């Protein structure tokens, strides 16, 4: 007996979660993608994949910034300058912007849901005649 696509999707979902928890984001991404192919209607798996991809992008960005700062320090030391290198504040501002955007999107979705719910329920003051 062959397992169903939902079962296979659930297995890949669990493998992706285990890989993510163990710190292996690349494997988690692969498992989530395979799980989505097997079970494309699984919204939780799609959400987990998006979160892992965001984390990976943030780690990559952070490592690039650290590498750039290291290069700046090395070039300053080799040039004999004694300037203090300030950490870039742009990443913090970008994080704030992203957080605000996510909050606004969440609020917009909640407002839309409330309006749709309100449209569906009849007004208690409405006359039924």
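Remarks
- Order by protection proxy (mean Cβ within 10 Å, highest first), peptides 22-32, 40-50: 22-32, 40-50
- Ranked packing of 110-121, 59-70, 3-14, most packed first, by mean Cβ within 10 Å: 3-14, 59-70, 110-121
- Every Cα-Cα pair of segment 11-75 was included, and the share exceeding 14 Å stands at 60 percent.
- The slack between residue 94 and residue 72, meaning 0.36 nm per residue of separation minus the straight C-alpha distance, is 5.8 nm.
- Cα-projected label distance for residue 108 with residue 7, points at 7 Å along beta-carbon direction, nm: 4.3 nm
- Projected label distance in nm at residue 120 and residue 57, using a 7 Å step from Cα toward the beta-carbon: 3.2 nm
Rule-based calculations on the coordinates, nothing more; no lab input. If you're wondering where the values come from, they're calculated on a predicted model, not measured in any experiment. Because the Cβ atoms are built from the backbone with ideal geometry, glycine has one as well, and the counts that use them run over all protein chains shown.
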